[in-house]
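Everything on this sheet refers to the single structure shown next.
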Amino acid sequence: MIDDFGSADRRFIVRIVLAAGFAILFLRLFQLQYLNAELYGKEAEENSIRNVPKVAIRGYVYDRKGKLLIDNRPSYSVMLTPVDFDKKNLPLLTTILSMPEEMILEKIRLGRKYNAFIPTRIKRDISFAELSMLEEHKDKLYGVEIQMESKRFYPAAAHGSHLFGYAKEISDVQLEKQKDYYQPADIIGSTGIEAKYEQLLRGEKGWEFISQNAKGQIIGTFDNGKHDILPVDGVDLHLAIDGDVQAMAESLLNGRRGAVIAIDPRNGGIIALVSKPDYDLSIFSGTTPPDVWRALNTDEGIPLYNRATLTRYPPGSTFKMLLALTALDKKIIDENWKVTCPGSFRYGNKIFKCEHVHGTVNVVDAIHRSCNVFFYQLMLKVGLDEWSEMGKKFGFGKQTKVDITEENSGLMPDRNYYDRIHGKGKWTQGYLISLGIGQGEVGVTPLQLANYTAMLANKGNFYQPHALNRTYNKRTKQFSEVKVDHREVTLSDHTWELVREGMRRVVMAPGGTGAASRVPGIEVAGKTGTAQNPHGKSHAWFIGFAPFEDPKIAICVLVENVGYGGAFAAPIAGLCMEQFLYGEIIRYSKRPMKLEPNLPDEEPVAEN
């Protein structure tokens, strides 16, 4: 009985153990099949299907006449899938690509961090020799593949460095902020219109789905490519830029430091924007060697810096029209108010000079002959508040909101500024005298001064300056026009007539300091100026517009450290206006063309 009981007991225990085992197995199968079906199914799918991104072709860029400014050319990049690559083959890869191991490992690390199953770019724009070597050793370099992409190409004569900007590999900081779309080593617009219109230009990525076996080896296209998503090419940009004027302005400013900005006063479209020194954009279209990047950043001419929008200069005599407009609009003076200029003006114990003895002048004469004494006295009559308010209406002291790049707000000093700097009640009217001729604390960018010139041309209409005119979507085959802000500074017609007549005489009348800006057969208005520079020679200004009665172009030229605007800046402006209005330089039609204006090395007779 005892043996039978023991045997029965053991059988009972075995049954319990088996039942428990089956129960555990059943629960595990239930968990796998029902509870975690989505999780494990997704993992199995990821191990059998791999999605590979396909980069879209970046949008093309054209000028206002349809000339291609920024093109795309085929290029080959080396892609590496981190999960597939065997690091024992790293020495071979570094030898073929002439890259340090550390650099390749860092790119692999970033790719693995993003997604180890997606190819990451190791090197773009490889040479034919590198391509051949990779093909020769492809059996040893599993996980490495060649992908055809496009790179930027610049077929036009215009550099457009600070206007077009460049696109380069995305930085770690940018990637962290935009990892929902971008991957390591993707191209992203960094400056200029490439950055401003990045979302339009980049298009939309496509995806190719690839089948792989249990070892991760690629078998072929998944389901005959039925699920692939084609990339959508980027939107094309049609700019307000005139490529020929842009190229000419760049050529005329070669070897100098300065800026040229031309604006269409009818709508605010930027015809040309040049900052010198500049750089060759093609160095960013492929892989930029570290030594080239280092050289650009250490160049004493600061070629990466956009003088046209970022540098603040005293406007000099180009600001005299602002004071004249203010005084006439507020009826502080009229065209009959006159000042006698003996060649200087005394205020307290200080003497403020004029370059010439102008005799008795009215407001039109004072603009034409650039009489400092007239504007010294006028500034004291007008006062800081009215002058500053008018300057702000013309956009000084704030950004223009141009669509190209970052910009400086400039400085339009007002009562609060002087109270903050010197203390309330601790500054006198004497601080204002220099402001009347565009010296002292006032500071403007060439872009702001170009916009002001456009408003002088169109009698007070402010149009937001813009490079982009319209876009073209290749998928929908539709153009979209760009809308810009517009407001108006309302002044009497007579006020505009007086000030604009003074500007016309600067260029067209005998003795005018802007005669070098004349355009054959066309009436031009303008104003020369000199920006004092405490660190060396003065900077030369010229602003102008043409034709006088129906302006189609307004221009601002700045040449640093050369002296006087009439000799250095005005000739550049004249040639650029002629190119835009005629489509060519007609003054040289009967003799060999010479693009360089006569820029003397010695200072001419001074003017302000």
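The values are calculated or read from the model by the stated rules, or taken from the named source; none is laboratory data. Worth saying up front: this structure is predicted, and the values here are computed from it rather than measured. As a convention, Cβ positions derive from the backbone with ideal geometry for all residues, glycine included, and neighbour counts pool all protein chains shown.
Going by the conditions given, is Tyr154 over 30 Å from Ala308 (Cα atoms) and surrounded by 13 or more Cβ atoms within 10 Å (Cβ to Cβ)?
Numbers: over 30 Å from Ala308 (Cα atoms): no; surrounded by 13 or more Cβ atoms within 10 Å (Cβ to Cβ): yes.
Judged against the criteria, Tyr154 is not a match.
Please tell me if Arg369 is among the basic types (Lys, Arg) and farther than 26 Å from Ile351 by Cβ. First the steps, then the outcome.
Values: among the basic types (Lys, Arg): yes; farther than 26 Å from Ile351 by Cβ: no.
In short, no.
Checked against the criterion of being part of a strand (DSSP E or B) and either at pLDDT 95 or above or buried (at least 22 other Cβ atoms within 10 Å of the Cβ) (or both), region 386-404 contains not a single residue that satisfies it. Filter region 485-516 down to the residues that are touching a residue at least 24 places away in the same chain (Cβ under 8 Å), assigned to a loop (DSSP other than H, G, I, E, B) and at negative phi and list them by number. Asp485, Val489, Thr490, Leu491, Ser492, Ala509, Gly512, Thr513, Gly514, listed by residue number. Out of everything in region 432-456 that is of a type outside the set (Gly, Ala, Ser), in contact (Cβ under 8 Å) with a residue 60 or more places away in the chain and not in a helix (DSSP H, G or I), what residue ends up being nearest to Val260 (Cα to Cα)? Ranking the candidates gives Thr445 first. Among the residues of region 79-124, those identified as within 21 Å of Lys205 (Cα to Cα), charged (D, E, K, R) and buried (at least 16 other Cβ atoms within 10 Å of the Cβ) are Lys107, Arg112, Arg121, Lys123, Arg124.
Selection of region 437-447 for residues being over 28 Å from the mean Cα position of the chain (by Cα) and either surrounded by fewer than 24 Cβ atoms within 10 Å (Cβ to Cβ) or at pLDDT below 95 (or both) yields Gln439, Gly440.
Kindly indicate which of Ser370, Ser344, Ser409, Ser388 is under 30 Å from Leu239 (Cβ atoms) and of a type in the set (Gly, Ala, Ser). Give the steps one after another, and end with the answer.
On the way: Ser370 fails: under 30 Å from Leu239 (Cβ atoms); Ser344 fails: under 30 Å from Leu239 (Cβ atoms); Ser388 fails: under 30 Å from Leu239 (Cβ atoms).
After ruling out the rest, the residue left standing is Ser409.
Annotation: of all residues in region 551-587 being charged (D, E, K, R) and in a helix (DSSP H, G or I), the one that is nearest to the chain's Cα centre (by Cα) is Glu578. Kindly provide the set of residues from region 52-86 that are among the aromatic types (Phe, Trp, Tyr), over 20 Å from the mean Cα position of the chain (by Cα) and part of a strand (DSSP E or B), ordered by number. Result: Tyr76, single match.
Within region 517-550, being more than 24 Å from Phe375 (Cα to Cα) and in a strand (DSSP E or B) holds for Val519, Ile522, Ala546. Of the strands (runs of 3 or more DSSP E) that lie entirely inside region 246-365, those containing 2 or more residues that are touching a Phe, Trp or Tyr at 6+ places or on another chain (Cβ under 9 Å) span 258-263, 270-276, 339-341, 344-347, 350-353.
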